[in-house]
Number of protein chains: 2
Amino acid sequence: MTLHLNPELRLPLFEQIERYWIYRIAAGDPAPGERIPSVRDMAQQVLVHPNTIVNAYGCLERSGIILPRRGIGMEVTAEAPRICKEKRESLLGERVRELFSEAEQAGMDRAEVVRLVRDIMNQIGGK
Amino acid sequence: MTLHLNPELRLPLFEQIERYWIYRIAAGDPAPGERIPSVRDMAQQVLVHPNTIVNAYGCLERSGIILPRRGIGMEVTAEAPRICKEKRESLLGERVRELFSEAEQAGMDRAEVVRLVRDIMNQIGGK
DNA sequence: CCTAGTGTGCTAGAATGCTAGGACACGGAG
DNA sequence: CTCCGTGTCCTAGCATTCTAGCACACTAGG
């Protein structure tokens, strides 16, 4: 799983970074007690200003996903996996609901939405 | 079909207004030769600053969907229905592609995405 | 003790989107 | 002709997001 920042996207960079760690922690890769890259390291990896990382990490901290330890780094909390899985459900569900909302405004039937999803899924790749 | 502006959404207000007319014209309601509300009328209907409407209408004009007529109003062009239908396809397709992109980053299989879409569709309403 | 690496805080600027209010030019109706 | 509604343009301010650079406090390791 790689973080592919896209400035053209609607999502602010710091939220893209936040989601990246939510999805990774939900998948179990940085486990509780382990640490995510430091603010400066992450900024250099993603070629973004450190303040943007601070913003993203701040959101993760306020959600109880990471615990800042001065002089050490950002530690994944014990409750992080549960919180991240909940957030993953919520985020993707919201995306789908937005899709239905937009499709409804466009006068598209719900069955048509499902068909459109299948079409594009097949169009994207054989896998 | 009603325009329900949502400032909390990622989409800027002027783009929400632009899409509203794209979808309506694609559906054929304001037919070629007919006019859409004036900048000031639309602003008052939607409770938004006239400049925001100017921005939205400017996009529609640059796409060849409407033709500004000073002292008269904004006229729907002859090619508008075709252009709007194309844009509708493109906009919804992009929405679905973004969904798959986000789901892939979250480590979700494509079949799971289809299942999620069905679940939420059933969850939204019986219709 | 000292250094390096860490999180945190601060001010400042650029770009975007929205609001606010004013001004002007055009065209139909009277 | 005048008047009103129309599109168009202008400056200004505010909030958000990102960039930029600097300073400080804390901790581990030598």
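Going by the conditions given, is B:MET108 within 9 Å of another protein chain (Cβ to nearest Cβ), surrounded by 14 or more Cβ atoms within 10 Å (Cβ to Cβ) and in contact with an Asp or Glu (Cβ under 9 Å, 6 or more places away or on another chain)?
yes
Per-residue answers, yes or no, for (1) under 17 Å from A:GLU98 (Cα atoms); (2) within 11 Å of DNA strand C (Cβ to nearest atom); (3) modelled with pLDDT of 95 or more:
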{"residue": "B:ARG10", "(1), (2), (3)": "yes, yes, no"}
{"residue": "B:ILE22", "(1), (2), (3)": "no, no, yes"}
{"residue": "B:ASP29", "(1), (2), (3)": "no, no, no"}
{"residue": "B:PRO32", "(1), (2), (3)": "no, no, yes"}
{"residue": "B:ILE36", "(1), (2), (3)": "no, no, yes"}
{"residue": "B:PRO50", "(1), (2), (3)": "no, yes, yes"}
{"residue": "B:TYR57", "(1), (2), (3)": "no, no, yes"}
{"residue": "B:ILE66", "(1), (2), (3)": "no, no, yes"}
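Looking at A:ALA26, A:ALA80, A:ALA56, A:ALA103, which one is farther than 21 Å from B:GLY107 by Cβ and open to solvent by less than 40 Å² (accessible area, probe 1.4 Å)?
Result: A:ALA103 is the single residue among A:ALA26, A:ALA80, A:ALA56, A:ALA103 that is farther than 21 Å from B:GLY107 by Cβ and open to solvent by less than 40 Å² (accessible area, probe 1.4 Å).
Of the conditions (1) away from chain A (no Cβ under 14 Å); (2) at negative phi; (3) open to solvent by 50 Å² or more (accessible area, probe 1.4 Å), B:ILE66 satisfies every one except a single condition; which number is it?
The one condition B:ILE66 does not meet is (3).
Could you list, in sequence order, the residues of region B:1-40 that are of a type in the set (Ser, Thr, Tyr) and within 13 Å of the chain's Cα centre (by Cα)?
Applying the first criterion (of a type in the set (Ser, Thr, Tyr)) to region B:1-40 yields B:2, B:20, B:23, B:38.
Of everything in region B:1-40, those that are of a type in the set (Ser, Thr, Tyr) and within 13 Å of the chain's Cα centre (by Cα) turn out to be B:THR2, B:TYR20, B:TYR23.
Is it true that B:ASP119 is open to solvent by 20 Å² or more (accessible area, probe 1.4 Å), more than 14 Å from DNA strand C (Cβ to nearest atom) and more than 9 Å from chain A (Cβ to nearest Cβ)? Steps first, please.
Numbers: open to solvent by 20 Å² or more (accessible area, probe 1.4 Å): yes; more than 14 Å from DNA strand C (Cβ to nearest atom): yes; more than 9 Å from chain A (Cβ to nearest Cβ): no.
No: the conditions fail for B:ASP119.
Within the bounds of region B:90-99, is there any residue that is of a type in the set (Gly, Ala, Ser) and within 9 Å of chain A (Cβ to nearest Cβ)?
Yes: one or more hits.
Would you pick out the residues in region B:69-89 that are at pLDDT 95 or above and within 14 Å of chain A (Cβ to nearest Cβ)?
Hits for region B:69-89 are B:PRO81, B:CYS84, B:LYS85, B:GLU86, B:LYS87, B:ARG88.
Testing B:LEU3 on (1) farther than 22 Å from A:GLU104 by Cβ; (2) of a type outside the set (Lys, Arg); (3) modelled with pLDDT under 95, one condition comes back false. Which one is that?
Going through the list (1) farther than 22 Å from A:GLU104 by Cβ; (2) of a type outside the set (Lys, Arg); (3) modelled with pLDDT under 95, B:LEU3 breaks only (1).
Kindly indicate whether any position in region A:36-49 is farther than 30 Å from B:ASP119 by Cβ and away from DNA strand D (no atom under 16 Å from the Cβ).
Scanning region A:36-49 turns up at least one residue that is farther than 30 Å from B:ASP119 by Cβ and away from DNA strand D (no atom under 16 Å from the Cβ).
The values are calculated or read from the model by the stated rules, or taken from the named source; none is laboratory data. Keep in mind that this is a model prediction, so the values were computed, not measured. With ideal geometry, Cβ positions are generated from the backbone for all residues, glycine too; neighbour counts draw on all protein chains shown. Keep in mind that these areas ignore ligands, DNA and RNA; they rest on the heavy atoms of the full protein, side chains included. Shrake-Rupley method; radii C 1.70, N 1.55, O 1.52, S 1.80 Å.
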